[in-house]
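The values are calculated or read from the model by the stated rules, or taken from the named source; none is laboratory data. Here the structure is a predicted model, which means the values were calculated and not measured. Because the Cβ atoms are built from the backbone with ideal geometry, glycine has one as well, and the counts that use them run over all protein chains shown. All accessible areas refer to the heavy atoms of the entire protein, side chains included, with ligands and DNA or RNA removed. Shrake-Rupley method; radii C 1.70, N 1.55, O 1.52, S 1.80 Å.
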Amino acid sequence: ASKRGGKMRCTWYAQALDRNREARLDLDNELRAALAKGEFRVNYQPLVDARTGAIVAVESLLRWEREDGSQIGPNIFIPVAEESGLINAIGLWVLRTACRDARDWGDLNLSVNISAAQLRNPEFPILVGQVLEETGFPPERLELEVTETCLVLDPVVVGRSLDVIRQFGVSISLDDFGTGYASIGFLRQFRFEKLKLDRSLVVDAQEDDGSRAMMISSISLARAMKMGVTAEGVETQCQADMVRAAGADQIQGWLYYRAMPPEQIVALKDKFGSTRSDRSKVA
Ligand code: C2E
Ligand code: MG
Ligand code: MG
Ligand code: MG
């Protein structure tokens, strides 16, 4: 290509990037307004005991319901909120809402996703303590889910914060395990009460021997380190049998339950009680 062609391409890229930046800015402004207008919802996906099928916990999952009735998933707007820092306000709102909703759900544990920007804020442990106090949620029932990206950026601050939070009685889970590049190293550097095996590992394990070996050895590694293991994204009976045989102690996936509004969790609890559940799905 000629020099001129190259220059033109550069201009084109620059314009595309500008448009992209504008679009992100628009979305960020919309998110700010959404938080003020109360357009965010927290849904809850049950996690079941791998052996009994009983619901043992719920994970809070953020939803954005716009005025026009459309729903937007977190994979689209959380990265934007992370970039602008708005995730701090949104994340705190989620934590408070979830603790308030789940407080009266008997002995069910509550998992809340925490993003890197939140964890890097040195005030984060104080905020968690305040939410626990104001909602009266028992800290022993709270699990915070963190990912590798939370840990790489600021390992010293984050490690210290996690220790403080753990002293409250809250436990820490490593989310999306098996998708990153240094996961095993993180298991040495930080302590986690629980490992959550990413859906991609569960799905691939069904098709490919290498992934299956990774799934099985990740679970035994976690168990050897005295961590609980949740398999995420289980959609088929075959996947459920596989992760259960490998030693996962909790299963989360559409085979059992999808994320649902808080009223439906209450209805489910009324139907099954908090320690019994749909046993038909368990082999
Ligand atoms: P995650 O924490 O790994 O959450 C699990 C995701 O897998 C959820 O997607 C859930 O709906 C989905 N899932 C569960 N079971 C199945 C299944 O059987 N099949 C399939 N295909 N998917 C399943 P969702 O709700 O779209 O959330 C996506 C991600 O957004 C979450 O992944 C989490 O990283 C992030 N997220 C959600 N809520 C929050 C939040 O309040 N704060 C932060 N920082 N991140 C959040
Ligand atoms: Mg999660
Ligand atoms: Mg996950
Ligand atoms: Mg995931």
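Output the residue which, of all residues in the range 180-190 that are surrounded by 15 or more Cβ atoms within 10 Å (Cβ to Cβ) and not polar (S, T, N, Q), is nearest to ligand 4 (Cβ to nearest atom).
Gly180
Going by the conditions given, is Asp198 crowded, with 18+ Cβ neighbours inside 10 Å, within 16 Å of ligand 3 (Cβ to nearest atom) and under 30 Å from Gln130 (Cα atoms)?
no
Out of all the residues in the range 65-77, which are of a type in the set (A, V, I, L, M, F, W, C) and open to solvent by 40 Å² or more (accessible area, probe 1.4 Å)?
Ile76
Condition check: at pLDDT 85 or above, touching a Phe, Trp or Tyr at 6+ places or on another chain (Cβ under 8 Å), closer than 30 Å to Leu255 by Cα and away from ligand 4 (no atom under 16 Å from the Cβ). Does Phe77 satisfy that?
It is false that Phe77 is at pLDDT 85 or above, touching a Phe, Trp or Tyr at 6+ places or on another chain (Cβ under 8 Å), closer than 30 Å to Leu255 by Cα and away from ligand 4 (no atom under 16 Å from the Cβ).
Could you grab the pairs with beta carbons closer than 9 Å, sequence gap of 6+ or different chains, first residue in the range 224-237 and within 18 Å of Val146 (Cβ to Cβ) and open to solvent by 70 Å² or more (accessible area, probe 1.4 Å), second one away from ligand 3 (no atom under 16 Å from the Cβ) and part of a loop (DSSP other than H, G, I, E, B)?
Close Cβ pairs (under 9 Å, with a partner that is away from ligand 3 (no atom under 16 Å from the Cβ) and part of a loop (DSSP other than H, G, I, E, B)) amount to Met225/Arg191.
Select from the range 202-226 the residues that are farther than 22 Å from Gly53 by Cβ and either within 16 Å of ligand 2 (Cβ to nearest atom) or basic (Lys, Arg) (or both) and list them in ascending order.
Arg212, Lys226
For the range 135-165, name all the residues that are of a type in the set (A, V, I, L, M) and in a strand (DSSP E or B).
Leu142, Leu144, Val146 - these are the residues of the range 135-165 that are of a type in the set (A, V, I, L, M) and in a strand (DSSP E or B).
Of all residues in the range 90-130 being hydrophobic (A, V, I, L, M, F, W, C), over 17 Å from the mean Cα position of the chain (by Cα) and surrounded by fewer than 19 Cβ atoms within 10 Å (Cβ to Cβ), which is nearest to ligand 4 (Cβ to nearest atom)?
Once the filter is applied, the top-ranked residue is Leu127.
Enumerate the pairs (first residue in the range 167-187 and within 22 Å of Glu140 (Cα to Cα); second residue anywhere and assigned to a helix (DSSP H, G or I)) with beta-carbon separation below 6 Å, excluding pairs fewer than 6 apart on the same chain, so at least 6 apart or on different chains.
That search, which allows pairs on different chains as well, returns Phe168/Pro139; Gly169/Pro139; Gly169/Glu140; Val170/Pro139; Ile172/Leu162.
Among the residues that make up the range 145-165, is at least one of them open to solvent by 40 Å² or more (accessible area, probe 1.4 Å) and within 15 Å of ligand 3 (Cβ to nearest atom)?
Yes - at least one qualifying residue is present in the range 145-165.
Within the range 166-179, take every residue that is within 14 Å of ligand 2 (Cβ to nearest atom) and part of a loop (DSSP other than H, G, I, E, B) and give me the one that is most open to solvent (accessible area, probe 1.4 Å).
Residue satisfying both the conditions and the ranking: Thr179.
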